[in-house]
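Trainee: Can you read through this structure? Questions will come right after.
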Amino acid sequence: MKTSIARVARHTGRRITQPSATTIRHQTTSSSPLPPPHQTTTSPLPPPPAQPSSSSTLPPPPSAAQPSLPLPSGPSSPSVNPSEISHFNALASTWWDPHGSSRALHLMNPHRHDFIRSCLSSTSTPPPSTLRYLDVGCGGGIFAESAARLPTASSVTAIDPSSTILSIAKAHAARDPSLIGTGKLEYRNATIESLDKSEEGKFDVVTCFEVVEHVDDPAAFLDHCGRFVKPGGWLVLSTIARTWMSWFTTNLVAEDILGIVPKGTHDWRKYINEEEMRKHFSKRREWDSPRVMGVVYVPGVGWKEVPGSEKVGNYFFAVRKKPE
Amino acid sequence: MESLIIRRRATQWLCSRNSCRIKQRMLRAYSNATSKPDIYDVVCVGGGPAGLSLLTALRSSAATSNLRVALVEAQDLSKTKSFNLPPTQYSNRCSSLTASSCQFLHEIGAWDHLQQDRMTRYQDMRVWDGVSGASIEFEYERTHGVQNAGGQGMACMVENLNLTSGLLKRLEELGGVSTFDKSKVESISFGEETEDGADLREWPVVHLAGGKQLHARLLVGADGANSPVRSFAGINASGWDYNRHGVVATLQLEQTGYDTFTPGDPYEAPKVAYQRFLPTGPVAMLPMPGNYSTLVWSTTPQNAALLKSLSPKDFIAMVNAAFRLSTVDLGYLHTQTSNQAEEISWRLQHTPVDAHAVPAPVIGVQENSVASFPLKFRHADTYIAERVALVGDAAHTVHPLAGQGLNMGQGDVQSLAKTIQFAVEHGLDIGATMSLEAYNAERYAANHVLMGVCDKLHKLYSVGSGPLVPLRSLGLNLVNSLSPLKGFLMERAAGNGKVF
C-alpha cells in the first residue's frame, strides 16, 4: 500500500501551472480561504509531523526547492515546471507496462469511471447521452484512452505539457484502430492555461487525476480547470490527503527509507485534504453537489473503495457546475 | 469427457513470436496493401461447448453485444446444429452438467434450446472401491440448496451434441456472429502497420484456408487440447499421459423397476450415477433418459483395444462384470480374446452381488457406439497472454473420473465473459493482459486444485494391493460417515469448479 500510493502520486502528477507568485498569492488569499493544513481538525489522525506554511490558503507555491533542470521537451510555457517534465519523461517507456511502475495507476483506472458514473447518475436530470471529456495531465493516456472507448464519449481532449509522454500516449493509441481515424481522442501538448479560451464551458467532464498534489498553486489550477466545465457538467479529480499516513507512506517510507521514489518527488505539504477541497469549492458560487470516494490499495488485490478512507489517503473528489 | 465431438488438426504453420516476424516480412510482399484489415473484437477459434458458450454469453449481454465477434470452426456447424436422433439412440459422447453449468446455460438463454427429452438429471452418486468394496453414497437431498435450471438435482446428463446444437440455435437466434465454419486455420501471425496509421504489429491475425484473414483484438483459444492458439501465444502446457484410454458406449439396461424409466416423466425417476474404482481405472455408468445409460470406462490401452474388438454379447458381459466381479476375475477375463459371456455368467453365480448397489444389468449396446480416446493431464502455464485467452480443453485437460472437464470449461467461459464485460464497461482494451488478469486469477487456482484432486484420486485407486488399499478404504468409509466433508465433495460435483 505504501509504495503504491507513492507511485500513484509520482506518476500522474505533473506541474501544470505556475503563474507568477504574486498573482497566486493574491488570488489564493482572497478567493480561497482554505484552512491551513496544520489546522485540520476533522482528520481522525494526529497532526502531521512537518508543518507547512501557516497562511490560510491551499498550500502555497514551494520555494526554489526544485532544481531548475533544462526542459527537454514540451511547450515553451512559463507555467511548466522543468523538473516534473524531466521526471515523467524518464518514466515514459514503462507507462503501459502492466507490471511496470504504473501498475497501480492501471488498477485505479476502472474506479475513475465508476466514480464519474456515480456523479453523472446522482443528478435529478439525466446526463447528456454523449459526453465531451477534457483530461488535464493525461500522461501516457491511461484514462484518456479508456474514456474514448466508451460509447457515451463523443470526444476526449487530453492535454499534457510533456511532448515525450504524449508521443508515448499517441503511439499506444495507434495500437487500437478504434481510437484512431475516428477523431474521438485528441492529444494536445498544452497546459490548462494555454488552452483556447473559446473552449471554456464546453466540456461535460473535466478530469485531473493524481495531478493537484504536484501543482504549486492548486487553487488557481482548479479554478483554471473549472472554467472549461460546461454548466451542469463535472470537475473530477483524485489526489492524496495530507495525513500522518500519507506522510509515512509517500515521504518517509517511499523516499527516505526505501528510496524507491527519488527524494523530493513529493512535497507532502502540497497534499490537500478532502475538507479543504470541499471548502475551496463551497466558496465559489458556481459549484455544488460535492462528492467524494476514498480508496485504499490492497497489495495483490488492487484498489478498494473504503468509505471514510478519504480522510486518510487516496481519494476521488468531484463538484458539479450549477446549470445555467 | 469434453468437446471430443470436434477434433481438429494442429495447424501446419504455427509460428512462435520470433519466426512470425520473419514470416511477416515474407507475407508483406504478397499482401494487398490497399485492402483494409478485417478487424474483430473477439475471434474465437473452436466451436465446441466452451467456444459456443463464450460467444453466446457475449452476444446475450447488453454490455458486450456491440462487440464484433467471429467464430472459426473446422467442422460443418450446420450438421451439428441439426443434430437429431430417434429417442432410442444416444450419442456416445455425453457429459454431466453441474448445477452451476446448467444455471449458466440458463442465464445466457441457451438452456431452452437443448432437447429436454434427451437429458436426464440424477440425484444420487454411488462410488466404491473395486478392491476393498468400501463405498460412499452421495444421496442428493432435495433440500440441499444447489439448484439447476431444470429444477433441483445434482447434475444433468446431456449428449455433447445436444449441448452444442442448442448453443448454435441460441446463437442463431441472437445473430451477429461472423461464422467461418468448415474453415481450417492455416496459420496465426501478427499484423502490420496500416496505411491510416494503425499499429497492428501486436494483433494476432488468423489466416484461414482460402486466404481470409481475421485480425483479433482478443483471440480466444477454445480449440481443444492441441490448441493452435496456445502454441501461437507460446504458452506451454505441461502434464503427462495416463497410459489409459477412456472407453465409451451407449448401453441399454434391463428394466428392473428401480433406477429405470418412468413412462412419460423421465426426470422423476430416481436416477443414480455409478462409479467403481478398479486398479486399471474407474468405470462409470451414467444415466440417460429411459433405460439408457452411457459408459465411461478408463482402462489400459490393451484392455480398451480388447473391449472394442469384442462381440456385443461379450462386451455387454464385460461391462456387467466390471461392476460386479472381483478385480482378479476381471484381470483374467481381459486375457481372453472372446467368449467372455459364458465365463462371466458362470463366475457371477459364485459372486454375491447386492442388486441395488450396482447398476441394472446391461442388456444391449448401441451399434457403433463403442469408442475410446487416450486420457491426458495437461495444464497450460497461464490462460492469458497479450491479446490471447484460453478456455476449456485448450487451457486444461483432466482425467474424466469426476466428470469435471466440460464444467471447468463452462466455468472458464463464465469468468472470461464477465471479465470482458467489465473491461468494456470501463473502456479498457479487452485484449490487453491487464484487462484479462482477473480471468486468469479467478480460474487458474480453482482449476488447478480440482485437477489435482482428480489426478490424485486416479493415482490412489490405481494401486491394486498393499497398505494403500485398506487406508483408502478407511478414508472412503470415513468420508461416508462425515456428512460435512461429504457435503463439500458434493458441492464440488455440483459446482463449476470454484474452490472457495
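The values are calculated or read from the model by the stated rules, or taken from the named source; none is laboratory data. Predicted, not measured: the structure shown is a model, and the values here were computed from it. Cβ placement follows ideal geometry from the backbone for every residue including glycine, while neighbour counts extend to all protein chains displayed. Side chains are part of the model used for accessible areas, which takes the heavy atoms of the whole protein and leaves out ligands, DNA and RNA. Shrake-Rupley method; radii C 1.70, N 1.55, O 1.52, S 1.80 Å.
Trainee: Restricting attention to segment A:213-246, and to residues there that are farther than 18 Å from A:Y133 by Cα and of a type in the set (A, V, I, L, M, F, W, C), which single residue is surrounded by the fewest Cβ atoms within 10 Å (Cβ to Cβ)?
Mentor: A:W244
Trainee: Starting from residues that are in a loop (DSSP other than H, G, I, E, B) and touching a His at 6+ places or on another chain (Cβ under 7 Å), keep the ones in segment A:68-98 and report whichever is modelled with the highest pLDDT.
Mentor: Result: A:W96.
Trainee: Condition first: of a type in the set (D, E, K, R) and buried (at least 24 other Cβ atoms within 10 Å of the Cβ). Can you find one or more residues in segment B:418-426 that meet it?
Mentor: There is no residue in segment B:418-426 that is of a type in the set (D, E, K, R) and buried (at least 24 other Cβ atoms within 10 Å of the Cβ).
Trainee: Select from segment A:99-156 the residues that are among the basic types (K, R) and modelled with pLDDT of 95 or more and write down the one among them that is nearest to A:V211 (Cα to Cα).
Mentor: For segment A:99-156, the residue satisfying everything is A:R112.
Trainee: Let me ask another. Condition check: at the interface with another protein chain (Cβ under 8 Å from one of its Cβ atoms) and under 26 Å from A:D97 (Cβ atoms). Does A:D176 satisfy that?
Mentor: Yes: the conditions hold for A:D176.
Trainee: Any idea how many residues of segment A:271-322 are open to solvent by 10 Å² or more (accessible area, probe 1.4 Å), farther than 30 Å from B:A441 by Cβ and either of a type in the set (A, V, I, L, M, F, W, C) or outside any strand (DSSP E or B) (or both)?
Mentor: Here the count works out to 11.
Trainee: Six or more apart or on different chains, Cβ atoms under 8 Å: show the pairs whose first residue is in segment B:371-389 and of a type in the set (V, I, T) and whose second is part of a strand (DSSP E or B) and open to solvent by less than 30 Å² (accessible area, probe 1.4 Å).
Mentor: Going by the 8 Å Cβ cut-off, the qualifying pairs are B:I384/B:L390; B:V388/B:P204; B:V388/B:L218; B:V388/B:L219; B:V388/B:V220; B:V388/B:G221.
Trainee: What pairs come out if I take residues in segment B:109-127 that are within 18 Å of B:L85 (Cα to Cα) and pair them with residues that are among the hydrophobic types (A, V, I, L, M, F, W, C) and open to solvent by 20 Å² or more (accessible area, probe 1.4 Å) whose C-beta lies under 8 Å away, six or more apart or interchain?
Mentor: Pairs found: B:R118/B:L85.
Trainee: Here's a follow-up. Please verify whether B:R230 is among the basic types (K, R) and open to solvent by less than 40 Å² (accessible area, probe 1.4 Å), treating the condition exactly as stated.
Mentor: yes
Trainee: Could you grab me the full set of residues in segment A:105-122 that are open to solvent by less than 20 Å² (accessible area, probe 1.4 Å) and within 15 Å of the chain's Cα centre (by Cα)?
Mentor: Within segment A:105-122, A:L105, A:M108, A:N109, A:R112, A:H113, A:F115, A:I116 qualify.
Trainee: Collect the residues in segment A:151-166 that are within 13 Å of chain B (Cβ to nearest Cβ) and open to solvent by 10 Å² or more (accessible area, probe 1.4 Å), keeping them in residue-number order.
Mentor: Hits for segment A:151-166 are A:P151, A:T152.
Trainee: Return yes or no: is A:G201 closer than 24 Å to B:E202 by Cβ and away from every other protein chain (no Cβ under 11 Å)?
Mentor: So A:G201 fails the test.
Quick grid of which residues meet (1) open to solvent by less than 60 Å² (accessible area, probe 1.4 Å); (2) closer than 28 Å to B:T88 by Cβ:
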site: B:N291; (1), (2): yes, yes
site: B:S298; (1), (2): yes, yes
site: B:A317; (1), (2): yes, yes
site: B:N320; (1), (2): yes, yes
site: B:T337; (1), (2): no, no
site: B:A341; (1), (2): yes, yes
site: B:I344; (1), (2): yes, yes
site: B:L375; (1), (2): yes, no
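Trainee: Restricting attention to segment B:218-225, does a residue exist that is over 26 Å from the mean Cα position of the chain (by Cα) and either within 14 Å of another protein chain (Cβ to nearest Cβ) or surrounded by fewer than 19 Cβ atoms within 10 Å (Cβ to Cβ) (or both)?
Mentor: No, there is no match, as no residue in segment B:218-225 is over 26 Å from the mean Cα position of the chain (by Cα) and either within 14 Å of another protein chain (Cβ to nearest Cβ) or surrounded by fewer than 19 Cβ atoms within 10 Å (Cβ to Cβ) (or both).
Trainee: For segment B:233-247, give me each residue that is at pLDDT 95 or above and either surrounded by fewer than 20 Cβ atoms within 10 Å (Cβ to Cβ) or not in a loop (DSSP other than H, G, I, E, B) (or both).
Mentor: Within segment B:233-247, B:A233, B:G234, B:V247 qualify.
Trainee: Follow-up question, since we're still on this one. Filter segment A:113-150 for residues that are in contact with a strand residue (DSSP E or B) (Cβ under 6 Å, 6 or more places away or on another chain) and charged (D, E, K, R); which is farthest from the other protein chains (Cβ to nearest Cβ)?
Mentor: Result: A:R132.
Trainee: When you scan segment B:187-201, how many residues do you find that are open to solvent by less than 30 Å² (accessible area, probe 1.4 Å) and part of a loop (DSSP other than H, G, I, E, B)?
Mentor: 3
Trainee: Still on this structure, I have one more. Within segment B:187-212, track down each residue that is among the acidic types (D, E), free of Cβ contacts under 8 Å to residues at least 24 places away in the same chain and more than 8 Å from chain A (Cβ to nearest Cβ).
Mentor: B:E193
Trainee: Please list, ordered by residue number, the strands (runs of 3 or more DSSP E) wholly in segment B:71-131 having 1 or more residues that are within 18 Å of B:Q410 (Cβ to Cβ).
Mentor: Strands (runs of 3 or more DSSP E) meeting the threshold: B:94-98, B:120-122.
Trainee: So, one more: State whether the residues of segment B:377-396 include one that is crowded, with 23+ Cβ neighbours inside 10 Å and polar (S, T, N, Q).
Mentor: Within segment B:377-396 (the criterion being crowded, with 23+ Cβ neighbours inside 10 Å and polar (S, T, N, Q)), the answer is no, since none of the residues qualifies.
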